[in-house]
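Please treat every number below as a calculation from the coordinates, not as lab data. Note that the structure is predicted; figures quoted are calculated from it, not measured. Cβ: placed from backbone, ideal geometry, glycine included. Neighbour counts: every protein chain shown.
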Amino acid sequence: MSTRFLAIFALILACASVPTRAQDVAAPFDADLQRLAEILGGLHYLRGICGSNEGNKWRNEMQALIDAETPSGERRTRMIAGFNRGYNGFQQTYRSCTPAATVAIRRYIEEGSKISRDLTARYAN
């Protein structure tokens, strides 16, 4: 009887450790989404100090990404943290628009475009 109880108890523990929602499970492209979120955060800061007059364009792009992906729990937290990491990283480095900031903007736009194209080509229906 105790062996049966232990088996049932082990089964209950195993079931309890499985995520309750499928959305909490990491998607195969999560690393790319997190990088894209970081790029969007960096662009939100850099384009603002470089006088692009785009307002919240890059923040809105991040919100659109979250709305399209609809992550929950830890996935959502990681995406938002990526955006904030990108923003804060450049905020600590640049106080005004410099030639290096302009280069960073160009590179981030190129990298973000590439990630977007690759994700779309690979995972879009």
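What's the local net charge at residue 48, with K and R +1, D and E -1, over the other residues with C-beta under 15 Å away?
After counting each charged neighbour, the total is +2.
Which order do peptides 74-85, 40-51, 93-104 fall in by mean Cβ count within 10 Å, highest first?
40-51, 74-85, 93-104
Run the simple label-point estimate for residue 30 and residue 115 please: 7 Å along Cα→C-beta, distance reported in nm.
1.5 nm
Taking the Cα atoms of the stretch 27-123, what is the range of coordinates along each of the three principal axes, in descending order and whole Å?
Principal-axis extents of the stretch 27-123 (Cα, largest first): 37, 26, 20 Å.
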